[in-house]
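In what follows, a structure is listed as structure tokens, so that the remarks can point back to it.
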Amino acid sequence: MNIIKLHDLYFKPFITKEEVAGIVKSLAKQVKNDLPKDEIPVFVGILNGCFLFAADFIREFNGNCEVSFVKLASYEGTTSTANVKQLVGLNEDLTGRTVIILEDIIDTGATLQEIYNIFSDKKVKQLKVATLFFKPEVFKKELPIAYIGKSIKDKFIVGYGLDYDGLGRNIAAIYQQTTPPKMKNIVLFGPPGAGKGTQATLLKEKYDLVHISTGDVFRYNIKNKTELGVLAKTYMDAGNLVPDEVTINMLKAEVDKNANAKGFIFDGFPRTASQAIALDAFLAEKGAQINGMIALEVSEDLLVERLLERGKTSGRADDTDEEKIRNRFNEYNTKTAILKDFYQEKGTYHGVNGVGTIEDITESLSAVFDTL
Ligand code: AMP
């Protein structure tokens with residue numbers, strides 16, 4: 001799950017769709033348990049925000065009931081306004097009925113007050129309110145709320161029917177407003193030998209970024225004979241990938257060492273789909289994201305040549321033997337190349353020709369970076 005932008009604001013993942021489903025189920029169960037066996041309640045949803053909640057709640061309730069809606073509006077932008085307007089009223093006769101109000105969220109209570117006003121002369125048998133979310137810090141009224149799905153902090157949320165100026169209702173999970181991402185992060189992508197290391201060093205200087213090469217971190221650990229180094233060495237020497245869990249934990253630790261970074265260049269990471277998913281989730285927790293994957297595109301034959309050449313001076317065991325090099329390409333093609341699709345689907349993949357002078361390639365990369 002990523003940071004998302006709606007109009008001018010940013011939102012980070014807050015409550016998963018699975019958790020939301022669990023809350024709705026439990027609310028429906030509580031309401032059902034509290035009703036006399038033969039009672040047919042009238043559920044009244046408060047539009048627009050409740051439409052998904054009401055639909056799911058009624059299915060979970062799974063019993064005879066009537067359903068109606070009223071439409072009220074209390075929001076302008078992200079702040080609750082005191083003037084609640086009733087836009088579409090109730091016209092059915094509710095005399096003697098049990099009415100359960102379905103609200104997506106209650107914060108100041110202004111809407112709730114209006115609901116109690118609307119129902120004051122309807123001669124109902126009982127009126128109960130079930131809300132999916134509740135913001136106790138800002139609730140100013142002394143009005144009863146019979147069922148609360150989840151109490152949350154006073155931060156603006158969207159998703160599962162809730163909107164920000166019209167957008168966000170379709171999102172299955174709940175997202176919470178967050179500060180605009182301060183960092184600009186890129187994944188520098190390409191097969192082994194494409195020139196990621198060289199270009200990362202230049203871009204890092206130019207844009208004052210932190211460069212994390214997982215290959216370099218592993219080699220540093222091997223050189224210093226750390227526990228991580230010993231573990232990684234066998235995989236690396238053979239040109240195999242180090243297991244995801246080890247790599248992901250190492251990457252997180254490297255990011256956390258640079259809390260004030262303006263941004264990161266990830267080089268050699270992610271290399272598998274699960275690394276990419278872990279990276280998104282990890283950055284989203286920090287209110288950050290991958291702004292783009294920039295890939296250096298170079299043909300494989302040219303790369304083998306380059307790597308064998310590099311092997312003469314780099315001292316890297318995985319650069320000197322054509323078979324090991326081919327194995328690294330095999331790992332790249334079977335596990336890593338799919339990441340192109342991963343970022344392409346998000347619209348954040350940018351290919352750059354990786355053949356040419358170092359300066360020209362830096363310029364092409366910068367041209368993409370500046371647009372992110
Ligand atoms: P590199 O310097 O990026 O070519 O990486 C050299 C070797 O380090 C790879 O062949 C892997 O054995 C290991 N390695 C580097 N990054 C990763 C990663 N993200 N996941 C798994 N293994 C990695």
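Data for the structure
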{"quantity": "Extension gain (nm, one decimal) between Asn117 and Gln344, 0.36 nm per residue minus Cα-Cα", "calculated": "76.5 nm"}
{"quantity": "Highest-fluctuation residue, Gln199, Gln176, Gln30 considered, GNM on the chain with Cα pairs under 10 Å", "calculated": "Gln30"}
{"quantity": "10 Å binning of all Cα-Cα separations within the chain, expressed as whole percents from 0 upward", "calculated": "5, 20, 23, 15, 13, 12, 8, 3, 0"}
{"quantity": "Relative contact order (percent, whole number), the stretch 128-183, Cα cutoff 8 Å, 6+ residue spacing", "calculated": "26"}
{"quantity": "Considering only the chain, percent of DSSP beta bridges that pair antiparallel, nearest 5", "calculated": "30"}
{"quantity": "For the stretch 88-109 versus the stretch 1-19, the gap between their alpha-carbon centres in whole angstrom", "calculated": "29"}
{"quantity": "Portion, in percent, of the accessible area of the chain that falls on carbon or sulfur, probe 1.4 Å", "calculated": "50"}
{"quantity": "Residue-wise HN-Hα coupling along the stretch 270-276, computed from phi with Karplus coefficients 6.51, -1.76, 1.60 (Hz; x: Gly, Pro)", "calculated": "x, 10, 9, 4, 5, 5, 5"}
{"quantity": "Alpha carbon centroid spacing (whole Å) that separates the stretch 122-166 from the stretch 257-282", "calculated": "37"}
{"quantity": "Check: the stretch 185-369 dipole with +1 on Lys, Arg Cβ and -1 on Asp, Glu Cβ, in debye", "calculated": "440"}
{"quantity": "Whole-number percent relative contact order across the stretch 119-236, with pairs defined as alpha carbons under 8 Å at least 6 apart", "calculated": "11"}
{"quantity": "Surrounding net charge for Asn185, when Lys and Arg each add one and Asp and Glu each subtract one, Cβ distance under 11 Å", "calculated": "+3"}
{"quantity": "Relative contact order of the chain, pairs being alpha-carbon contacts under 8 Å that are 6 or more residues apart, as %", "calculated": "16"}
{"quantity": "Burial ranking of peptide ranges 164-172, 187-195, 272-280 (average Cβ count within 10 Å, highest at the top)", "calculated": "187-195, 272-280, 164-172"}
{"quantity": "Cut-off 12 Å, label 7 Å out along Cα→Cβ of Glu297, residues of the stretch 332-372 by amide N", "calculated": "350-355"}
{"quantity": "Prolate/oblate/rounded call for the stretch 185-369, Cα gyration tensor, a/c under 1.5 rounded", "calculated": "rounded"}
{"quantity": "Net charge, Thr334 excluded, C-beta distance under 15 Å - Lys, Arg +1, Asp, Glu -1", "calculated": "+1"}
{"quantity": "Dipole magnitude (debye, nearest 20) for the chain, charges at Cβ of Lys, Arg, Asp, Glu", "calculated": "920"}
{"quantity": "Listed peptides 242-254, 311-323 by packing density, highest first (mean Cβ within 10 Å)", "calculated": "242-254, 311-323"}
{"quantity": "Cα centroid of the stretch 190-235 to Cα centroid of the stretch 27-47, whole Å", "calculated": "59"}
{"quantity": "5 angstrom amide H check on Tyr10, placed H, neighbours 5+ away", "calculated": "Thr178"}
{"quantity": "Cα gyration tensor, the stretch 203-256 - rounded (a/c under 1.5), prolate or oblate", "calculated": "prolate"}
{"quantity": "Gyration tensor (alpha-carbon) shape descriptor, the stretch 214-307, a/c threshold 1.5", "calculated": "oblate"}
{"quantity": "Average accessible surface area per residue within the stretch 296-362, 1.4 Å rolling probe, Å²", "calculated": "58"}
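The values are calculated or read from the model by the stated rules, or taken from the named source; none is laboratory data. Because the structure is predicted, anything quoted here is derived from the model rather than measured. Using ideal geometry, Cβ is built from the backbone for each residue, glycine included, and neighbour counts are taken over all protein chains shown. In case anyone asks, the SASA skips ligands and DNA or RNA and just uses the protein heavy atoms, side chains included. Shrake-Rupley method; radii C 1.70, N 1.55, O 1.52, S 1.80 Å.
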